Amino acid sequence: MTTIKRLFIKASNNYDSDFQIVPVNTNEPLEIKSDIGVFKLLINIKKFDGSQPHLSNSLYNQEDKTYLNGDKIDFNTNSNKEDGPEPNLRINIEFIPKEDIKGGDLIFGNDFTYSIKDYVPTTLLSTGLKLFNWFINDTVKGDIYSSKPFLYGLALNSFSYIGIDKKPKEVVDTKAKPMNYKENISDEIENGPTNSTERKKFFNTAEKCNQFTFKTNKKYDFQFDTDFLKLSDSKYLVSIPRFDIDVSKYANDTLNNVNWVIKKNGYDGVGSGTLGLIINFALRTEDQKDE
């Protein structure tokens with residue numbers, strides 16, 4: 001008998017309680033109610049070899065017809081599968097605010113509830129921060145050396161796609177990474193962006209973001225795609241041009257999970273602002289029978 005680390009993904013509206021296991025690759029949404037609104041969450045991962053809590057609720061790939069434990073599914077997994085290249089990780093979120101939220105106040109990013117500087121080499125931490133700023137979002141703010149490290153960006157320029165009131169997705173360029181979509185934010189802001197690439201460039205400051213408001217009871221579709229992470233077969237690789245960094249080799253009893261967070265305000269760090277959605281990605285140590 002050997003041990004192996006497998007992914008365990010759960011979600012809540014806070015860091016400490018009421019977590020639910022997130023089904024992966026099923027396109028069956030998980031609903032989370034919070035102080036800032038209601039979220040419906042979908043996660044898709046290529047070749048998801050999930051931990052034991054996922055065996056009866058998740059699929060290895062989206063097109064599969066059986067759960068990880070071999071039981072047959074009783075729903076259509078292909079109904080929401082998009083055309084075009086499938087990223088390593090896709091997070092889809094439907095958000096209905098319970099109050100108006102200025103665009104400069106809605107934050108999306110990553111954080112830890114514990115220090116990581118004692119477990120991860122400083123050079124890797126510095127490289128990671130530069131990667132987030134150079135390749136993903138140049139308005140990201142963070143402190144990866146603090147007792148509770150964080151990297152936060154503005155939701156309006158962090159997501160790969162944003163649609164309002166269930167606008168059907170239409171791809172402008174499938175070769176772009178992530179793909180470029182037509183969007184309808186221009187319906188609510190004069191001379192606003194008309195596709196996802198334009199949106200990320202347009203909303204490049206908090207002041208620009210404050211021209212837009214997430215309105216009470218409207219439906220907003222957020223999609224985050226990335227190939228910078230490779231999570232297939234429970235690996236945890238940070239992928240950058242020419243090579244992959246195996247983050248899982250630094251994992252231990254403390255360094256074993258990271259949060260993806262949506263909240264209102266709270267650029268200053270973990271514990272600030274009003275929490276909306278917490279998605280926790282963890283590496284869970286399990287026994288595996290030797291072949």
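The values are calculated or read from the model by the stated rules, or taken from the named source; none is laboratory data. Because the structure is predicted, anything quoted here is derived from the model rather than measured. Here the Cβ is made from the backbone with ideal geometry for all residues, glycine too, and neighbour counts use every protein chain on show.
Here are the numbers:
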quantity	calculated
Selection count where residues are touching a residue at least 24 places away in the same chain (Cβ under 8 Å), basic (Lys, Arg) and under 22 Å from GLU94 (Cα atoms), scope region 32-54	2
Count of region 1-23 residues which are of a type in the set (A, V, I, L, M, F, W, C) and farther than 16 Å from GLU286 by Cβ	3
Residue match in region 178-190 (condition: in a helix (DSSP H, G or I), at pLDDT 90 or above, in contact with a strand residue (DSSP E or B) (Cβ under 9 Å, 6 or more places away or on another chain) and closer than 29 Å to GLY271 by Cα)	no
Selection status of LYS208, crowded, with 17+ Cβ neighbours inside 10 Å and more than 21 Å from the chain's Cα centre (by Cα)	yes
Entirely in region 211-291, the strands (runs of 3 or more DSSP E) that have 1 or more residues that are over 17 Å from the mean Cα position of the chain (by Cα), closer than 28 Å to ILE4 by Cα and at pLDDT 80 or above	274-288
Verdict on ASP49 being surrounded by fewer than 17 Cβ atoms within 10 Å (Cβ to Cβ) and farther than 13 Å from ILE279 by Cα	no
Among the residues listed as GLY37, GLY70, GLY84, the single one being modelled with pLDDT of 95 or more and surrounded by fewer than 17 Cβ atoms within 10 Å (Cβ to Cβ)	GLY70
Boolean, PHE75 is crowded, with 20+ Cβ neighbours inside 10 Å and either in contact (Cβ under 8 Å) with a residue 60 or more places away in the chain or assigned to a loop (DSSP other than H, G, I, E, B) (or both)	no
Condition met for THR197 (modelled with pLDDT of 90 or more, farther than 20 Å from PHE8 by Cα and in a loop (DSSP other than H, G, I, E, B))	no
Of all residues making up region 1-31, the number that are in a loop (DSSP other than H, G, I, E, B) and either without any contact (Cβ under 8 Å) to a residue 12 or more places away in the chain or in contact with a strand residue (DSSP E or B) (Cβ under 7 Å, 6 or more places away or on another chain) (or both)	13
